[in-house]
Every structure is written in C-alpha cells, then in structure tokens.
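> Attaching a single structure in structure tokens format; questions to follow.
The values are calculated or read from the model by the stated rules, or taken from the named source; none is laboratory data. Quick caveat, the model's predicted, so the values are computed rather than measured. As a convention, Cβ positions derive from the backbone with ideal geometry for all residues, glycine included, and neighbour counts pool all protein chains shown. What goes into the accessible areas is simple: the full protein's heavy atoms, side chains included, and nothing from ligands, DNA or RNA. Shrake-Rupley method; radii C 1.70, N 1.55, O 1.52, S 1.80 Å.
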Amino acid sequence: MANCEFLTKCPFFNNKLKNMPTAADTMKNIYCRWNFIKCARYKVAIVLGSEEVPSNLFPRDTVRAEKILAQLSQK
Ligand code: SF4
C-alpha cells in the first residue's frame, strides 16, 4: 500500500498527541506508511473529516472508531 493521505496534517503522525505510545514509530510504519485503511483515525477521518478525529484516538482503537461511526449512522 501507500502512504496515508492524512500524513502531513495528522497529529498522531506528527507527534502532536498527548500520551504518544512508545511504539509510535512502529505504528507509523504499520499504519501510516503501509496499511492506513486499518487505522482507527483514518476510518473516522475519511467519513467525518480529519478535524473531527478525537485527539485521544490512536490507530489501534478500531473498536472505538467503529462506535463513533455507528453513532453517526443512528442520527
Ligand atoms: S495515524 Fe492514521 S490517519 Fe493518521 S497518518 Fe497514520 S494512518 Fe493516517
């Protein structure tokens, strides 16, 4: 796969989030530079817009991302 389209403005990729995980660099290689469609932040950003992604949502938080998107479909 290719780089995520949100790379340049994503707070996770640019180390702007509080409590960045110690494995952040590994996660960037796994998600941001390779398999971005699996990233929780990407899943929310592509539907709601990158500015709507919670600041405490990390790439592995896919269950939470799905809950956010499920709530949207119930509105
Ligand atoms: S954290 Fe997710 S949304 Fe942000 S750049 Fe990486 S893959 Fe894209």
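> Expected output is a single nm value to one decimal: the length gained when fully extending between residue 25 and residue 71, i.e. 0.36 nm times separation in residues minus the C-alpha distance. What is it?
Length gained, residue 25 through residue 71: 13.5 nm.
> Follow-up. Starting from the Cα-Cα distance between residue 2 and residue 50, subtract it from 0.36 nm times their residue separation and give me the gain in nm to one decimal.
15.4 nm
> Can I ask one more? As a test of the formula, what do you get for the chain when each DSSP H run with n ≥ 4 contributes -39,500 (n - 2.57) and the sum is divided by the residue count, at 222 nm and rounded to the nearest 500 deg cm²/dmol?
After summing the helix terms and dividing by the residues of the chain, the value is -9500 deg cm²/dmol.
> Now for a different question. Given a 1.4 angstrom probe, I'd like the percentage of the accessible area of the chain that is carbon and sulfur, rounded to a whole number.
51 percent
> Let me ask another. Could you size up the charge dipole of the chain around its Cα centre, putting +1 on the beta carbon of Lys and Arg and -1 on that of Asp and Glu, and report it in debye to the nearest 20?
Value, rounded to 20: 100 debye.
> Give 43/67; 9/38; 16/67; 9/67 a once-over and call out the pairs whose C-alpha atoms are over 20 Å from each other.
Cα-Cα > 20 Å for 16/67; 9/67; rest within.
> Hey, what did the chain get for relative contact order, percent, Cα under 8 Å, at least 6 apart?
29 percent
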